Amino acid sequence: MSTTAEIRRRKQLAAIHAARRDLGLDEDGYRLMLREVAGVDSAKDLDADGSRKVLDHLRRVGWEKRPRKRVAQYPGTPHNIDREQMLQKIEAQLTDMGLPWSYADAIAKQQAGVERVAWLRKAGDLTGVVGALHVEQEKRGLLATLDDILERAGMTREQLTEQYTLRRNWTRHRASLRSLIELLAPLAETPDTPDSNEG
């Protein structure tokens, strides 16, 4: 397990290498700078104090750290997703359902009156979005289960609505879906083969 100090050191070394690349330092110039600023020939020999001195020097000569870009991010991905674990959970839920970030933004607007999920500051508000997405996942899972039962029973949704009186928007109502699954599951079971002992 990496310690905080090791993680910090890796980040500092990555920043030093990025600065070298951005500033266009060749090998000789880079080694000379390391010797003059920190008394080492290689960045791997830097301690925490040396790394700080080198980074300070690189900033003084004009290097600016570029903001990290997320690779293959979805349109609307919050800028602060790397800092907020709940946003990462929301991203996983959206990905699972194939939904855009605008779906989560709409939930944030409805629940908290905030335009974007990235702007939510209270943990409870983010938990509310996660909960709403969980409900949506459950609805979709129940509907998929029901569709599978209907297919195995040789029925369509249209036939189902003709045969039973169902509430409006029943495909979005968890209790209705659960009841239908319970009611129709026996129809989808494969009939047992007759018992050879029966006469």
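Which one of Asp96, Asp105 is at pLDDT below 90 and in the same structural domain as Gly128 (by TED's automatic domain parsing)? The conditions single out Asp96.
Which of the helices (runs of 4 or more DSSP H) found entirely inside the stretch 87-175 contain at least 2 residues meeting this: buried (at least 16 other Cβ atoms within 10 Å of the Cβ)?
101-112, 123-153
A single entry from Glu158, Glu115 fulfils the requirement of being without any contact (Cβ under 8 Å) to a residue 12 or more places away in the chain, out of contact with any helix residue (DSSP H, G or I) (no Cβ under 8 Å at 6 or more places or on another chain) and not hydrophobic (A, V, I, L, M, F, W, C): Glu158.
For Thr127, are the conditions met, namely being free of Cβ contacts under 8 Å to residues at least 40 places away in the same chain and of a type in the set (S, T, N, Q)?
no
The values are calculated or read from the model by the stated rules, or taken from the named source; none is laboratory data. Since this is a predicted model, take the numbers as computed values, not measurements. Using ideal geometry, Cβ is built from the backbone for each residue, glycine included, and neighbour counts are taken over all protein chains shown.
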